Amino acid sequence: EAVARAGYQHLMLKEIHEQPRIIRNIIQRKQSAWLPGDSFGETTCGVLLIGCGSSYHACLAGKILIERLSGIQANAELATELFDVTGSTRRYRAVIGLSQSGETADTCAALDRQRQAGFYTVAVSNVPGSRITRLAEQTILTDAGPEMSVAATKSFTAQLVTLLNMGLALPLKEPKRALDLTGELRALPARLQRILDREDAHASAARWLASFKNIICIGRGIFLPIALECALKLKEITYIHAEGCAAGELKHGTLALLSPVTPVIAFMGTDETRAQMLTAIREVKARGVPVLAIAPEGEEDLEDLADRVILLPRTDPLLQPVLAAAAAQMLAYHAALSLNLPIDNPRNLAKSVTVE
Ligand code: G6P
């Protein structure tokens, strides 16, 4: 295992640090057309993305990426909750199964049921030749290399960038958008590296987070999947009870849980959700709740509002979540490190769950 860690203290940290290189490789590949023609005619309702765990969170982000870029309707569902196999209510042009390992039984079974119901299936997996790639009509590889730490890191950001590439390979709503994104994509690995180089800032915020028993992560739009993923990372490796919550939903229940000992991690976007996130942070602060804001550079004013702020390089609103995800991974890693937990092999969890 020492060889696999390649000088890093944990596999998870090594895998986090591999991300700039992996993303550079993914963006150099041009995704070819992957969506078959509309065989259902007018009744079609776009594509369905399914997965479990972190892969499901990538599905939620993928839904937004595909819809924003192409205007093609996309839905995301937990593979474990997908019961409609008749296709009677929805006629998807493709059902896309996301699975890092390609072996998750629930995802494979759900995708197989969709295939048998006559839908065109696409596997998005990190492992060539895995079960999901064998059962789907088409495979798109995320090429993040073997991921060994139980908590998904590099495979998650690789899924996000792969889904963005898949979105760009569809007929675009605004063809000019592809050009804007090309430059931003090229700059993404270096921006991600800048986050990884700021280990101290993350470690200090993480030590603070590790002193709490409950944490609520909030986001809106494409940052909601990142808030959910942040909460999942915290649960998996720090054993802190963490919940991801849509920022706008706080007032419908979760606000009752917040207190000076239950902080909020707020993921700020650069898009139209920004103003609403500021409102949510103000609402929370007014109740004496500690806030860690994770925001793009240019949001320095947040320092007057939030207790702690981690500023990330600023990029296109559709790429900003990749940077926010990396920050969330670093926070969870350093929180678990400060708690002296078995980061690469958390209790009760397996890297891939091959039973339904
Ligand atoms: C397990 C892992 C998670 C992962 C999930 C789905 O629960 O511990 O990290 O997100 O399975 O795995 P998959 O290989 O299908 O992406």
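The values are calculated or read from the model by the stated rules, or taken from the named source; none is laboratory data. Since this is a predicted model, take the numbers as computed values, not measurements. When we count neighbours, we look across all protein chains shown, and the Cβ atoms used for this are built from the backbone with ideal geometry, even at glycine.
Just one of the listed residues (Thr157, Thr182, Thr162) is hydroxyl-bearing (Ser, Thr, Tyr) and more than 16 Å from the ligand (Cβ to nearest atom), and it is Thr182.
When Ala152, Ala144, Ala187 are checked against the criterion of being small (Gly, Ala, Ser) and more than 12 Å from the ligand (Cβ to nearest atom), Ala187 stands alone in meeting it.
Would you confirm whether any residue within region 96-107 is in contact with a helix residue (DSSP H, G or I) (Cβ under 6 Å, 6 or more places away or on another chain) and either more than 18 Å from Glu356 (Cα to Cα) or charged (D, E, K, R) (or both)?
Within region 96-107, one or more residues are in contact with a helix residue (DSSP H, G or I) (Cβ under 6 Å, 6 or more places away or on another chain) and either more than 18 Å from Glu356 (Cα to Cα) or charged (D, E, K, R) (or both).
Restricting Gly248, Gly269 to residues that are touching a Phe, Trp or Tyr at 6+ places or on another chain (Cβ under 8 Å), closer than 22 Å to Lys63 by Cβ and small (Gly, Ala, Ser) narrows the list to Gly269.
Can you find a residue that is without any contact (Cβ under 8 Å) to a residue 24 or more places away in the chain, more than 16 Å from the ligand (Cβ to nearest atom) and either surrounded by fewer than 24 Cβ atoms within 10 Å (Cβ to Cβ) or in a strand (DSSP E or B) (or both) anywhere in region 233-241? No, that holds for no residue.
Listed by first and then second residue, the pairs with beta-carbon distance under 8 Å, at least 6 apart or on different chains, first residue in region 134-160 and at positive phi, second away from the ligand (no atom under 13 Å from the Cβ) and of a type in the set (Val, Ile, Thr), are Asp143/Ile22; Asp143/Ile26; Gly145/Ile22.
Would you say Ile50 is at pLDDT 95 or above, within 16 Å of the ligand (Cβ to nearest atom) and in contact with an Asp or Glu (Cβ under 9 Å, 6 or more places away or on another chain)?
Yes.
Of all residue pairs spaced 6 or more apart or on separate chains, those with beta-carbon atoms under 6 Å, a first member in region 330-356 that is under 12 Å from Tyr239 (Cα atoms) and a second member that is within 16 Å of the ligand (Cβ to nearest atom) and of a type in the set (Lys, Arg) are Ala332/Lys233.
Residues that are within 21 Å of the chain's Cα centre (by Cα), buried (at least 23 other Cβ atoms within 10 Å of the Cβ), more than 16 Å from the ligand (Cβ to nearest atom) and not basic (Lys, Arg) do occur in region 59-66, at least one of them. Restricting to region 92-120, and then to whatever is closer than 13 Å to Gly51 by Cα and assigned to a strand (DSSP E or B), can you tell me which residue is nearest to the ligand (Cβ to nearest atom)? Per the stated criteria, the residue is Ser99. Only a single item in (1) under 20 Å from Cys230 (Cα atoms); (2) aliphatic (A, V, I, L, M); (3) in contact (Cβ under 8 Å) with a residue 24 or more places away in the chain is not met by Leu311, and it is number (3).
Here is a check on your reading of the model: is Leu13 part of a loop (DSSP other than H, G, I, E, B), of a type outside the set (Val, Ile, Thr) and surrounded by 20 or more Cβ atoms within 10 Å (Cβ to Cβ)? Spelling it out, it is not the case that Leu13 is part of a loop (DSSP other than H, G, I, E, B), of a type outside the set (Val, Ile, Thr) and surrounded by 20 or more Cβ atoms within 10 Å (Cβ to Cβ). Of all residues in region 218-260, those being under 20 Å from Glu15 (Cα atoms) and among the β-branched types (Val, Ile, Thr) number 3.
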